[in-house]
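Only the coordinates and a few stated rules stand behind these numbers; no lab work does. Just so you know, these numbers come straight off a predicted model, no measurement behind them. Positions of Cβ are generated from backbone atoms using ideal geometry, with glycine treated the same way; all protein chains shown enter the neighbour counts.
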């Protein structure tokens with residue numbers, strides 16, 4: 001996928017945004033592409049479908065891409081949320097014994113948060129921390 005670069009797109013600390021509208025669609029497209037590719041490579045390179053092994057690889061190599069600076073670019077459009085979440089949905093469905101379970105059941109079995117929940121908690125934590133520093 002080619003990314004349209006023009007003068008209104010800027011990247012700061014690894015987060016790409018439209019300077020005029022402060023939109024993060026390009027950033028979401030980029031991280032989705034990278035994360036989806038890594039998830040597919042993990043499944044291709046490991047012969048095992050062991051949940052513990054593949055989950056460690058996912059949490060080490062893929063999830064950080066999807067969570068990095070998510071407090072800043074936190075998606076609010078349903079399409080963007082589904083795009084980001086689809087990477088985790090794809091990988092968890094291919095783990096041993098989980099293909100027949102719903103996404104929420106897979107998250108429960110694996111003790112994972114959905115990416116939306118994770119970024120919401122990060123945002124609240126950052127907000128509480130900032131308020132504590134300002135008032136204290």
Over all Cα pairs of the stretch 16-91, how is the pair count split among 5 Å bins, expressed in % and running from 0 up to the last occupied bin?
3, 15, 27, 22, 14, 9, 6, 2, 1, 0
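Could you sort 35-43, 91-99, 75-83 so that the peptide with the highest average Cβ count within 10 Å comes first and the rest follow in order? The partial results should precede the final answer.
Working: 35-43: 18.4, 91-99: 16.4, 75-83: 13.9.
The most tightly packed comes first, giving 35-43, 91-99, 75-83.
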